Amino acid sequence: MIDKLKKHIGEYFVGKEELIENVMVCLFAGGHILLEGVPGVGKTTLATALAKSVDCDFGRIQFTPDTLPTDVMGTEIFNMKTGEFEYREGAIMHQIVLADEINRTSPKTQAALLEAMAEGQTTVNGVKHKLPEPFMVIATQNPTEFIGTYQLPEAQIDRFMMQLTLGYPDEEEEFRMAQNMLSGKLADTIQSVVTAQDILDIREKVARVTIKDELIRYAQAIVAMTRSESRFVLGASPRAVLTLIKAAQAKAFIDGRDYVKPDDIKAVAPYVLCHRLTLTSEARIAKENKNDIIRQLLQKTRIPL
């Protein structure tokens, strides 16, 4: 089933197999994804390909500066016939939600996603509304230095399991994209290959993947290294440790194992930690790269035998 899903997505989102696998890691681990890249590199295509490959209820929010929190969460409207307020669902009430260009809306609207991403519910006028399962947010954003974008709040960024960056395709991949377009093989034509229940079953199995105490401490040690690194303003939060463990379990499951190896943690660590860390002004002036620093910390951290 995993191979079938990976192959199916790859037919519509050309190239970058590692990127597709990391998206599946988030899906199976119950996490959310932040896709970053310049316009036109396929962020929305990847999100749509994943959503439509799974037989889930799919919703899309196109964020703009005038998008309101009620557009996301929903609102209560007074019914003149019954004399009562009725809840009208917002765009968040879907199983897989594409938050397109999330950093083009105000921080107030961005914050409307916080409760949904952390707790799987949304509260309107004191009434809690449970979100459908499996629930997943796939957000896309342009680089923050682009005109008309807002910096995502730290609390919002910390809710994403991974941040994945989409670069430009190589020559052969771009050629295949053109072939797909001319043949009509677009993301809008995708048929589902797995069901929502399949994803829920996989999530249960991923949660049962064995991870030894030594590897939990290994994950802790990696995160602790980010807190003592002078080139970072702040280190990663305790939530990063939990997320790192969940992502490693999903990575092991995709590789066909029911136990986690140190290599699983090392493989997902840069994607789980990078967006949670902020470089100091001195490090930015020196043009330091967060990914490079994290890989250096992984080399310094003792691997359990």
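Just so it is clear, none of the values below were taken in a lab; they were calculated from the coordinates. Here the structure is a predicted model, which is why all the values come from computation and not from measurement. Heads up, the Cβs are rebuilt from the backbone with ideal geometry, glycines too, and the neighbour counts pull from every protein chain shown.
When the helix-only estimate is applied to the chain (DSSP H runs of n ≥ 4, each -39,500 (n - 2.57), divided by the residue count), what is the mean residue ellipticity at 222 nm, nearest 500 deg cm²/dmol?
-13500 deg cm²/dmol
Rounded, prolate or oblate: which fits the stretch 208-300 when a ≥ b ≥ c are the square roots of the eigenvalues of the alpha-carbon gyration tensor, with rounded for a/c under 1.5 and prolate only if a/b beats b/c?
Prolate, since a/c reaches 1.5 and a/b exceeds b/c.
Exposure proxy check: Tyr150, Tyr271, Tyr168 ranked by fewest other beta carbons within 10 Å?
Tyr168, Tyr150, Tyr271
Please list 3J(HN,Hα) in residue order for the stretch 29-44, calculated via the Karplus relation 6.51 cos²θ - 1.76 cosθ + 1.60 where θ = phi - 60°; whole Hz, with x for glycine and proline.
Each residue of the stretch 29-44 in turn: 8, x, x, 10, 10, 10, 9, 10, x, 5, x, x, 9, x, 4, 5 Hz.
Can you sort Ser281, Ser192 from fewest to most other Cβ atoms within 10 Å of each residue's own Cβ?
Ranked by crowding around the Cβ, least crowded first: Ser281, Ser192.
In 5 Å bins starting at 0, how do the alpha-carbon pair distances of the stretch 89-188 split up by percent?
The calculated distribution, bin by bin, is 2, 10, 18, 18, 16, 13, 11, 8, 3, 1, 0.
Considering the options Ala219, Ala118, Leu50, tell which one lies farthest towards the positive end of the dipole of the chain, charges being +1 on Lys and Arg and -1 on Asp and Glu at the Cβ, about the Cα centre.
Ala219
Classify the stretch 132-237 as rounded, prolate or oblate, taking a ≥ b ≥ c as the square roots of the eigenvalues of its Cα gyration tensor: rounded when a/c is under 1.5, otherwise prolate if a/b is larger than b/c and oblate if not.
In terms of gyration-tensor shape, oblate.
With charges only on Cβ, +1 for K and R and -1 for D and E, what is the dipole size of the stretch 1-140 about its Cα centre, in debye, rounded to 20?
Taking the Cα centre of the stretch 1-140 as origin, the dipole is about 120 debye.
What percent does the relative contact order of the chain come to when contacts are Cα pairs within less than 8 Å and at least six residues apart?
Value for the chain: 21 percent.
Is there a quick way to get the dipole size of the stretch 208-300? I mean about its Cα centre, with the Cβ of Lys and Arg at +1 and of Asp and Glu at -1; what is the value in debye to the nearest 20?
Dipole about the Cα centre, nearest 20: 140 debye.
Short version: ³J(HN,Hα) in whole Hz for each residue of the stretch 195-204, in order, from phi by Karplus 6.51 cos²θ - 1.76 cosθ + 1.60 (θ = phi - 60°), x for Gly and Pro, what are they?
Result, ordered by residue: 9, 4, 5, 4, 5, 5, 5, 5, 4, 5 Hz.
Determine the gain in length on full extension of the stretch Ser228-Phe78; use 0.36 nm per residue of separation and subtract their C-alpha separation, reporting nm with one decimal.
Fully extending the segment from Ser228 to Phe78 adds 48.6 nm.
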